[in-house]
Structure formats: structure tokens, C-alpha cells
Amino acid sequence: MAKVLIIYHSQSGNTEKMAEAVKEGAASAGATVTLKKAADANADDMLDCDAVIMGTASYFGYEAGMIKDFFDRTFYALREKVANKPYATFGSYGGGGEVAIESLDKLCDRLGLKKATESVGALREPSSEALEKCKALGAKMALA
Ligand SMILES: Cc1cc2nc3c(=O)[nH]c(=O)nc-3n(C[C@H](O)[C@H](O)[C@H](O)COP(=O)(O)O)c2cc1C
């Protein structure tokens with residue numbers, strides 16, 4: 001059974017709703033899912049999973065500071081140990097588009113993770129359609 005890790009940061013709940021939908025999708029596809037806020041996640045979480053899914057709100061055109069903090073804290077412990085591990089990203093934004101998710105993709109890339117599927121973005125509170133895409137993302141990553 002695949003172990004899927006979801007790490008996210010959300011201030012006003014929009015990205016959190018997406019994270020819950022991703023979790024539901026991965027679990028329904030048979031994965032063992034761990035859902036963690038970025039502030040509570042550490043290097044061991046990332047080492048102990050088969051696939052990682054990261055979610056962020058967009059703040060000032062970048063990923064949330066707590067997501068960046070996760071990479072800052074764990075980089076030395078993870079580099080070269082998670083090369084080619086499959087990852088996916090999702091997030092909510094307020095009108096600036098998906099640049100924050102793209103910035104998050106760059107951090108994942110620096111760690112050597114391998115993007116396994118397209119990102120899912122949502123404008124502010126995720127629509128039911130966006131939540132369905134999050135579920136599909138989770139299900140796909142359970143098989144990655
Ligand atoms: C401090 C701050 C900065 C923000 N900067 C941006 C931005 O640069 N681009 C954008 O599209 N949305 C921006 N937003 C809007 C949030 O990304 C949007 O409200 C999102 O849905 C918040 O997700 P959350 O509920 O998971 O925190 C900003 C919000 C805050 C609070």
C-alpha cells in the first residue's frame with residue numbers, strides 16, 4: 001500500500017479544503033495518507049513516504065512562508081535522499097494566478113523530486129470542480 005504524504009499551509013482555509021479533498025482521493029485509491037501542516041512536518045515525514053503532495057496558498061506571488069520554511073529546515077537532510085520521488089502540487093490564490101504554485105514546483109525541483117502530474121489551482125475558495133480535481137490528484141498520486 002502506497003504511503004502518500006500531504007504537506008500544506010493555509011491561513012484562511014481555502015488550501016486546507018483542497019488538502020482534505022486530496023487526502024480523500026488518495027485514501028479512496030488505497031493509499032495510507034498522512035496530512036500535515038508545513039509547520040508540523042519534518043524531514044523524516046518526507047523520507048518515509050512513496051509520494052509527496054504539497055499545497056500552498058499564494059502570498060505575495062510566492063508559496064506561503066511556512067512552506068519555504070519547511071524546505072529551509074529540511075534541505076540538507078533530504079537532498080540526494082529523495083531524488084526522483086514523485087510529487088504533485090496544488091493551491092489557492094486570490095487573483096494573481098498560479099505563480100505561487102510554480103514557485104513551489106521550483107523548490108521541489110531543487111530537492112530532486114520528480115513532478116508526477118499537473119498541479120491543481122483554485123481561485124480563493126475551491127469550487128466543487130476544483131475539489132474533484134484535488135480528489136483525482138490524490139488518487140493519481142496513490143498510484144505514482
Ligand atoms: C498576505 C497575503 C498576500 C496575498 N498575496 C497574493 C498574491 O500575491 N497573489 C494572489 O493571487 N493571491 C494573494 N493572496 C490571496 C490568497 O492567496 C487567497 O486568499 C487564498 O485563497 C488564501 O488561501 P488560504 O485560505 O489557504 O490561506 C494573498 C493573501 C494574503 C493574506
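The values are calculated or read from the model by the stated rules, or taken from the named source; none is laboratory data. Keep in mind it's a predicted model, so treat the numbers as computed, not measured. Note: ideal-geometry Cβ built from the backbone for every residue, glycine included; neighbour counts use all protein chains shown. Each accessible area value is taken on the protein alone, full model and side chains, heavy atoms only, with ligands, DNA and RNA left out. Shrake-Rupley method; radii C 1.70, N 1.55, O 1.52, S 1.80 Å.
Condition first: more than 21 Å from Ala142 (Cβ to Cβ) and crowded, with 24+ Cβ neighbours inside 10 Å. Can you find one or more residues in region 8-18 that meet it?
Within region 8-18, one or more residues are more than 21 Å from Ala142 (Cβ to Cβ) and crowded, with 24+ Cβ neighbours inside 10 Å.
If Lys23 satisfies every condition in (1) among the charged types (D, E, K, R); (2) buried (at least 19 other Cβ atoms within 10 Å of the Cβ); (3) within 13 Å of the ligand (Cβ to nearest atom) but one, which is the exception?
So the condition that Lys23 fails would be (3).
Which one of the conditions (1) under 18 Å from Ala31 (Cα atoms); (2) open to solvent by 60 Å² or more (accessible area, probe 1.4 Å); (3) of a type outside the set (Lys, Arg) does Glu118 fail to meet, given that it meets all the rest?
Tallying (1) under 18 Å from Ala31 (Cα atoms); (2) open to solvent by 60 Å² or more (accessible area, probe 1.4 Å); (3) of a type outside the set (Lys, Arg), Glu118 fails exactly one: (1).
Restricting the search to region 121-144, which residues are in contact (Cβ under 8 Å) with a residue 12 or more places away in the chain, more than 18 Å from Ala27 (Cα to Cα) and open to solvent by 20 Å² or more (accessible area, probe 1.4 Å)?
Once the filter is applied, which keeps residues that are in contact (Cβ under 8 Å) with a residue 12 or more places away in the chain, more than 18 Å from Ala27 (Cα to Cα) and open to solvent by 20 Å² or more (accessible area, probe 1.4 Å), region 121-144 yields Gly121, Leu123, Arg124, Glu125.
Of the conditions (1) in contact (Cβ under 8 Å) with a residue 40 or more places away in the chain; (2) hydroxyl-bearing (Ser, Thr, Tyr); (3) closer than 24 Å to Met1 by Cα, Thr117 clears all except one; give me its number.
Against the list (1) in contact (Cβ under 8 Å) with a residue 40 or more places away in the chain; (2) hydroxyl-bearing (Ser, Thr, Tyr); (3) closer than 24 Å to Met1 by Cα, Thr117 comes up short only on (1).
Cβ-Cβ distance below 7 Å, separation of 6 or more or different chains: which pairs start in region 1-30 with a residue that is over 17 Å from Ala100 (Cβ atoms) and end on one that is aromatic (Phe, Trp, Tyr) and assigned to a loop (DSSP other than H, G, I, E, B)?
Final answer for the pair search is none.
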